[in-house]
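This report concerns only the one structure given below.
The values are calculated or read from the model by the stated rules, or taken from the named source; none is laboratory data. All values reported here derive from a predicted model rather than from experimental measurement. Backbone-built Cβ (ideal geometry, glycine too); neighbour counts: all protein chains shown. For the accessible areas, the whole protein counts, side chains as well, though only heavy atoms, and no ligand, DNA or RNA atoms are used. Shrake-Rupley method; radii C 1.70, N 1.55, O 1.52, S 1.80 Å.
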Amino acid sequence: MKNYDVLIVGGGITGLSTAYYLVRNGVKNIAIVEKSYVGSGSTGRCGTGIRQQFTTREHIVLMREAVKIWQYWEESLPLPIHFRQGGYLWLLRSEEALNEYKSHVKLQNLFGVPSKIISKEEIKEIVPDLSLEGIVGASWCPTDGSAYPQDVLDSLRLFLKGNSVEVFDYEEVKDFELQGGKIKTVITSKDKYGVSAVLFATGNETKRLASKLGFEIPIENYKHQIVVSEPLKIFLSPMVVDSSLYFTQTYRGRIIGGTDTNEPPQNNLEATYEFLEKFSNELLRLMPKLASVRLMRQWAGYYVVSPDKHPIIGPTPIPNLYIGTGYSGHGFMLGPIVGKLLAHYIIHGMFFLEEANNLTLSRFKEGKLIVEKAVIG
Ligand SMILES: Cc1cc2nc3c(=O)[nH]c(=O)nc-3n(C[C@H](O)[C@H](O)[C@H](O)COP(=O)(O)OP(=O)(O)OC[C@H]3O[C@@H](n4cnc5c(N)ncnc54)[C@H](O)[C@@H]3O)c2cc1C
């Protein structure tokens, strides 16, 4: 039986980013077990967005640090990840919303994020093609942006391969053997591995795996749909947000975006016509010039949502088991910093950022929820 110092379950951004930082911190004997292909979960289905415009200290500080890593990864990973700081333009439709976002911007600025409230005229300068009827202003951060999810995973995987991390695709973790309250063995669909530490980077499956081990994680899986268009000449660099609608243009020229369909938690990833109709109507209201553009592909993935819309990271009731989940629609952007935090926690038993201490599973038992107001979709 092979033994691993750290066995990571799940080949999305959380799993690969944590493996990257374990390697960077000198851990040698690491495996990632992925039940399908790397990127088959939410990471490969996501909307590419990376932003620091949040409303809590925890999210703002983590995302400020994440953007530094995104910049570093763009320069240092073996393949291009197409990280681009085209900004996030968050449209506001009432004086009340404008005042609320002024206070969010104040908090963001306090922690070093260069966001600001801008006027309709300034919006026009950033995206001339927007119809601004009913818009009173926007919250704007030029250092927000996007990256291409599958390229990020491919690039991390290449780095990990070069550092002897084993990645097992199409192998599902099925069960565990415990000794003295700790996980001693991980049983998969193909093999059995001895482990010193285990990370659940398992997205929408995390709740089910935790309950197998006798503890609860308060997360629910919500279906979210998304669509991409045919490629167009590049004309749009920011992510535009208008209530639950968001869209940007990828480096390949495609418009990518989504909106909320307000469906209950479920285990179903069916793509629907209702979504397509709602998205198209909302998009064309804002950008009528896209009326003749053809939409090419539509799909769905899970937002794994926690009660306070923040991730749940770090220790669990099982002493050698760690988790990274519950991102509530922000896990791609947070992936690099959460991976760095988790690797540090697995090695040292503590976080290196004070804010991360407020993001562990224990906050739900202790009633210490921190509510995020700026959730899209
Ligand atoms: C439509 C949509 C748009 C989004 N847009 C954005 C965005 O713009 N920006 C952003 O930051 N976030 C966005 N998100 C959220 C983001 O995609 C997720 O938060 C993030 O990808 C979570 O990454 P993860 O690695 O934790 O989970 P995942 O990427 O879901 O990876 C988990 C992996 O674990 C594997 N797995 C599960 N159980 C097992 C098992 N028993 N054995 C082995 N493997 C297992 C799965 O197959 C999967 O590959 C979006 C999500 C959706 C659905």
Positions within the range 327-345 being out of contact with any helix residue (DSSP H, G or I) (no Cβ under 8 Å at 6 or more places or on another chain) and open to solvent by less than 10 Å² (accessible area, probe 1.4 Å), in sequence order: S328
The range 195-224 residues that are near the ligand (Cβ under 8 Å from one of its atoms), paired with ones that are among the aromatic types (F, W, Y) (beta carbon under 6 Å, 6 or more apart): N204/Y302; T206/F200; L209/F200; H224/Y303
Out of all the residues in the range 121-151, which are touching a Gly at 6+ places or on another chain (Cβ under 8 Å), surrounded by 19 or more Cβ atoms within 10 Å (Cβ to Cβ) and within 16 Å of G39 (Cβ to Cβ)? P149
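Yes/no matrix, rows are residues, columns are (1) among the polar types (S, T, N, Q); (2) in contact with a strand residue (DSSP E or B) (Cβ under 8 Å, 6 or more places away or on another chain); (3) open to solvent by less than 20 Å² (accessible area, probe 1.4 Å); (4) over 18 Å from V304 (Cβ atoms):
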{"site": "R24", "(1), (2), (3), (4)": "no, no, no, yes"}
{"site": "I32", "(1), (2), (3), (4)": "no, yes, yes, yes"}
{"site": "K35", "(1), (2), (3), (4)": "no, yes, no, no"}
{"site": "R51", "(1), (2), (3), (4)": "no, yes, yes, yes"}
{"site": "F54", "(1), (2), (3), (4)": "no, no, yes, no"}
{"site": "V61", "(1), (2), (3), (4)": "no, no, yes, yes"}
Has the range 2-16 got at least one residue that is assigned by TED's automatic domain parsing to the domain that holds A356, out of contact with any strand residue (DSSP E or B) (no Cβ under 6 Å at 6 or more places or on another chain) and open to solvent by 20 Å² or more (accessible area, probe 1.4 Å)? no
Is the range 206-227 home to any residue that is at pLDDT 95 or above and over 25 Å from G10 (Cβ atoms)? yes
Only one residue in M296, M333, M287, M350 is within 13 Å of T14 (Cβ to Cβ) and either within 16 Å of the ligand (Cβ to nearest atom) or not hydroxyl-bearing (S, T, Y) (or both). Which one? M333
